[in-house]
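What follows is a single structure, written as C-alpha cells, with notes after it.
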Amino acid sequence: MKYILITGGVISGVGKGVISSSFGAILKCCGIEVTSIKIDPYINIDAGTFSPYEHGEVYVLDDGGEVDLDLGNYERFLNITLHRDNNITTGKIYQAVIEKERHGDYLGKTVQGKSTYSSSVYKTKFIFNTSVVPHITDAIQEWVVRVAKIPVSESGKIPEVCIIELGGTIGDIESMAFVEAFRQFQFRVKRENFCVAHVSLVPQPRTTGEHKTKPTQSSVRELRGLGLSPDIIVCRSEKPIGQNVKEKISNFCHVAPEQIISIPDLRSIYEVPVFMESHGIAEYLCSRLDLGVKLLPPMRKYMRQWIELTERIEHLKYEVNVALVGKYTRLEDSYTSITKALQHAANKIGYKVNIKFIEASNLEKAMLAEDPAAYHDAWHQLCKCDCVVVPGGFGKRGVEGKIEACKWCRVNSKPFLGICLGFQTAVIEFSRNVLNLKDAHSTECNETVEHPVIIDMPEHNTGDMGGTMRLGKRTTVFKPNIQSKIKRLYGNKEQIEERHRHRYEVNPKYIEDLEKQGLKFVGVDIDAERMEILEIPTHPYYVAVQFHPEYLSRPMEPSPPFMGLILAAKDRLNSYFARGCKLSPREPQSDYYDSDDDVDHLTLKQATLYSTDETDGSST
C-alpha cells in the first residue's frame with residue numbers, strides 16, 4: 001500500500017480537498033485504484049450536529065455516515081463510494097481508545113503518554129492531551145491501515161494508493177497527535193511507500209505586486225520541525241508564480257524546483273487535475289512511489305475525460321439562472337453538493353449556471369415590515385430566475401419563506417425542485433392553499449398544529465441529536481402504471497437508490513386528499529409507507545424528493561432530478577423526452593473528439609492554456 005499525506009499551511013481553506021481529489025483523479029487515470037481519508041482534528045464524533053455555518057454542508061455517505069464536505073469532492077472526482085470510517089476525527093479516535101480500555105485490551109496499562117510542546121517565548125513546556133502517545137498515535141495508524149484496504153470502487157479491488165488529507169494547518173494544537181502519528185508512520189511503511197505534499201498559500205500583496213514566500217518557508221520549517229519533510233510543495237496563489245519564486249522556495253525548503261507546483265485560481269475546480277498533470281505530477285508520483293506505471297508521452301490520452309470536461313466548460317455559450325432559496329445562504333459551502341449538482345447538469349446540457357442565493361426568511365411577509373428593501377430584493381431575484389431549488393434544512397427559521405417560494409413556482413408554472421425540507425414545504429403549501437387547511441404545518445415547527453401534514457418518524461429518538469435520523473442510501477420504488485417525468489428521467493426504472501438525511505415524513509392521514517387534488521406521490525419507500533417523490537403532472541416541472549439526489553451527482557453523470565430542472569428551465573424537457581432521454585448530437589454537450597482517434601486529444605489552444613512561461617509566470 002502506498003500513502004500520500006496532504007498537509008496545509010498558512011491558512012485553512014486553501015484548497016487541500018480539491019488538490020487531494022486531483023491527485024487521486026490523476027492516479028485513477030493511470031489505472032491505479034485509489035482511496036481517500038479525511039482527518040478532522042475536532043472532538044466531535046462526526047459532522048452530523050454541525051451548523052452549516054460552522055463547517056459547511058454535512059455530506060452523507062451510502063452507509064449513513066455524516067462527514068466532512070471534502071469527502072464529497074473525493075467521491076465526485078474519483079467516482080468512488082467511501083465509508084464513514086474514511087472520515088477520522090479526534091472524537092472517533094478517543095472513543096475507540098476508551099472503548100478498548102473499558103474492554104481491557106490494554107492489559108491493565110495506564111492509557112496515557114507524554115508529549116511536550118516548548119514555548120520559546122515563555123521558556124516553559126506544556127503537556128497537551130491531544131498529543132498523547134503511544135495509544136492515541138497507535139490508534140490513528142491502525143485506523144489508517146485498516147481503512148486504506150477497504151474497496152471503494154465498483155470493481156471491488158483493494159486500493160493501491162491511499163490519499164490522506166489532514167485538516168486544518170500545520171501548527172494547530174488539535175492536530176498534533178495526527179502529525180506525530182504520521183511522523184512514526186513514515187518509518188513503519190518505509191520511505192518508498194510514503195509521500196508528503198504540503199499545500200501553502202503564496203500571497204501577492206497589492207502594495208508590492210510580488211509573491212511573498214516567507215509564509216510558505218515558515219510553514220515548511222514548522223512541518224519539518226515536527227518530523228515530516230514535504231516531497232511536493234503545492235503553492236496556491238491568485239496568479240501563477242514565476243521560476244525565481246520557485247527557486248527561492250526550493251532553496252529555503254529543501255525541495256527541488258520541479259517538485260514545486262504553482263496552482264493559481266482557475267475557472268473551475270475540474271481544471272485542477274489537468275493543470276497538475278501538465279506539470280508532470282503523474283511522472284513524479286509514479287517514480288517516487290514506485291507504482292510500476294509506464295506513462296505515455298506528454299498530452300497523453302488517459303486524461304481525456306478531464307480534458308473534454310474542462311474544454312466543454314470553457315466553451316459554454318448560454319446561461320441558466322437558478323434561485324436557491326435556503327436558510328444558510330451567507331456561506332455558500334452550506335450548499336456545496338447542490339451547487340455542484342446544478343453545475344454538472346447545466347454543463348452537460350451546454351449551459352453555464354448562475355446561482356442566486358436567496359435567504360428564505362427574506363421572502364416572508366413579516367420581512368416586508370421589518371426590512372422592505374431586503375423583501376423586495378429577494379422577490380426580485382426570485383422572479384428573474386429560470387428555475388428554483390428549495391433545499392433541505394432544520395428548524396423553523398425561514399420555513400415560511402420556503403413555503404412562499406413553493407407557492408410562487410406552483411402558481412406561475414416555474415420549474416421547481418424541492419429537496420428534503422423543500423419536499424416537506426411543498427406538501428405544506430399545497431395543503432394550505434389547495435386543500436384549504438390554513439394552519440397545515442410540520443410538527444418540527446409547531447407540535448400542537450391542528451393539521452400536522454408533516455410528522456416526525458416513529459423511530460426517531462428525540463433525546464439524541466447525533467446519528468438518529470433516517471440516514472444513508474435507501475431504496476425508492478416508483479408506483480406502478482404511472483406517467484411521471486421524474487421516472488422517465490431515471491430511465492423508467494422500477495426503483496432507484498438515493499441517500500437520505502431526515503427526521504420527518506408526510507403524515508399518511510393526508511395522502512389520499514393531497515393526491516385527489518393533484519399532488520401525486522409517484523415514489524415511495526420499499527414498504528410503501530413513506531412518501532419519497534411528489535410531482536404535479538400538469539405543471540411543466542414541479543418535482544420534490546425526500547432524499548438528497550445531489551450527493552450522487554458526478555461531473556460525468558449528472559443527477560436526473562437536476563437534469564430535468566435545467567432542461568425544463570430552458571423549455572427543452574419535452575424534446576429531451578421525445579428523443580428517449582437523449583441529448584441531440586448537435587447540442588453543445590457533444591464530444592469534441594472522435595472516439596476512435598488514438599492521437600493526442602489536447603487541442604493547441606488547450607495545450608497553450610496549460611503551459612506556463614517559467615521566467616515570469618505568465619500564461620502563454
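The values are calculated or read from the model by the stated rules, or taken from the named source; none is laboratory data. Because the structure is a prediction, the values reported are computed rather than measured. Glycine gets a Cβ as well: all are built from the backbone with ideal geometry, and neighbour counts include every protein chain shown. Quick note on the areas: whole protein, heavy atoms, side chains included, nothing else; ligands and nucleic acids left out. Shrake-Rupley method; radii C 1.70, N 1.55, O 1.52, S 1.80 Å.
Just the residues that are at negative phi, open to solvent by less than 40 Å² (accessible area, probe 1.4 Å), not charged (D, E, K, R) and not in a strand (DSSP E or B), please, taken from the range 383-403.
Those that are at negative phi, open to solvent by less than 40 Å² (accessible area, probe 1.4 Å), not charged (D, E, K, R) and not in a strand (DSSP E or B): C385, P391, G392, V399, G401, I403.
Give me a count of the residues in the range 49-66 that are surrounded by fewer than 24 Cβ atoms within 10 Å (Cβ to Cβ) and closer than 13 Å to Y551 by Cα.
Count: 7.
Could you tell me whether any residue of the range 524-531 is under 21 Å from G393 (Cα atoms), among the charged types (D, E, K, R) and not in a strand (DSSP E or B)?
yes
Identify all residues within the range 303-324 that are open to solvent by 30 Å² or more (accessible area, probe 1.4 Å) and hydrophobic (A, V, I, L, M, F, W, C); write none if there are none.
Across the range 303-324, the qualifying residues are I313, L316.
When the range 405-441 is examined, which residues are found to be within 31 Å of the chain's Cα centre (by Cα) and aromatic (F, W, Y)?
Within the range 405-441, W408, F416, F423 meet the criteria.
Could you give every pair whose Cβ atoms fall below 6 Å, whose first residue belongs to the range 1-23 and is surrounded by 21 or more Cβ atoms within 10 Å (Cβ to Cβ), and whose second residue is assigned to a loop (DSSP other than H, G, I, E, B) and at pLDDT 95 or above, counting only separations of at least 6 or pairs across chains?
Sorted first by the residue in the range 1-23, then by its partner, the list stays empty.
For the list (1) open to solvent by less than 10 Å² (accessible area, probe 1.4 Å); (2) modelled with pLDDT of 90 or more, I need the number of the one condition that D85 fails.
(1)
Suppose we keep only residues that are part of a loop (DSSP other than H, G, I, E, B) and touching a Cys at 6+ places or on another chain (Cβ under 8 Å) within the range 532-576. Which one would you say is surrounded by the most Cβ atoms within 10 Å (Cβ to Cβ)? Walk me through how you get there before you give the answer.
In the first step, residues of the range 532-576 are kept if they are part of a loop (DSSP other than H, G, I, E, B); the result is 536-541, 546-548, 553-559, 570-572.
In the following step, the residues that additionally are touching a Cys at 6+ places or on another chain (Cβ under 8 Å) were identified as 541, 546-548.
On the way: Y541: 24, Q546: 32, F547: 28, H548: 24.
Ranking the qualifying residues of the range 532-576, first place goes to Q546.
Scan the range 426-451 and report the pairs whose first residue is touching a residue at least 24 places away in the same chain (Cβ under 8 Å) and closer than 19 Å to R410 by Cα and whose second residue is part of a loop (DSSP other than H, G, I, E, B) and basic (K, R), with Cβ atoms within less than 8 Å and a gap of 6+ or a chain change.
These pairs meet every condition: R432/K438.
Only one of these is part of a helix (DSSP H, G or I), at pLDDT 90 or above, aliphatic (A, V, I, L, M) and out of contact with any strand residue (DSSP E or B) (no Cβ under 8 Å at 6 or more places or on another chain): V145, V97. Name it.
After applying the criteria, what remains is V145.
For the range 212-222, state whether one or more residues are open to solvent by 10 Å² or more (accessible area, probe 1.4 Å), aliphatic (A, V, I, L, M), outside any loop (DSSP other than H, G, I, E, B) and touching a strand residue (DSSP E or B) at 6+ places or on another chain (Cβ under 9 Å).
No - not one qualifying residue is present in the range 212-222.
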